[in-house]
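The values are calculated or read from the model by the stated rules, or taken from the named source; none is laboratory data. This one's a predicted model, so the numbers in the text were calculated from it and none came from an experiment. Neighbour counts are summed over all protein chains in view; Cβ atoms, including those assigned to glycine, are modelled from backbone coordinates with ideal geometry.
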């Protein structure tokens, strides 16, 4: 893409989406299923719908799509299981979420969950890696993190 070409946010999203098989909603489902898999070996469809605040019929349709892509297995009695590729992608998605969330917490932003959800689907892996490096840097150099906070707080008064 030419650096001088400008698009609307939706335009950029569509460009990125064409590079990926998954929509933001699909990523949200996989991330939630993976989060749950860290505690339980399986997830029931109705629990998934509840966790994501969607109707069971919507969850069922999405699970079917993710199953067709090879990320999930859907078994009798509404049981959803991740495949190996689903686990790998879920781990990445949860990690991405946590990196952004940690960064926003460090910055003491408002509405961290909402902001994280909005950012995570629109960030490329190179930028994400750089944010992780910055997070790690501030964690390893607490004195610099404190100076940043002091600067930020003085600058806002």
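If you go through segment 18-42 and keep only what is farther than 18 Å from residue 85 by Cβ and either free of Cβ contacts under 8 Å to residues at least 24 places away in the same chain or part of a loop (DSSP other than H, G, I, E, B) (or both), you end up with 18, 39, 40.
For segment 103-157, how many residues meet the condition of being over 30 Å from residue 90 (Cα atoms), exposed (fewer than 11 other Cβ atoms within 10 Å of the Cβ) and at pLDDT below 95? The number of residues fulfilling the criteria is 7. Only residues that are over 18 Å from residue 138 (Cβ atoms) and within 9 Å of the chain's Cα centre (by Cα) were counted across segment 97-117, and they come to 2.
For residue 30, the criteria (1) surrounded by fewer than 18 Cβ atoms within 10 Å (Cβ to Cβ); (2) under 28 Å from residue 133 (Cα atoms); (3) in contact with a strand residue (DSSP E or B) (Cβ under 9 Å, 6 or more places away or on another chain) hold in every case but one, which is (1). Checking each residue of segment 66-82 against the condition of being under 19 Å from the mean Cα position of the chain (by Cα) and more than 16 Å from residue 27 (Cα to Cα) gives no match. Taking the conditions (1) modelled with pLDDT under 95; (2) under 17 Å from residue 91 (Cβ atoms) in turn, residue 19 satisfies each one other than (2).
Considering the conditions (1) in the same structural domain as residue 33 (by TED's automatic domain parsing); (2) touching a helix residue (DSSP H, G or I) at 6+ places or on another chain (Cβ under 7 Å), residue 93 is excluded by exactly one of them, (1).
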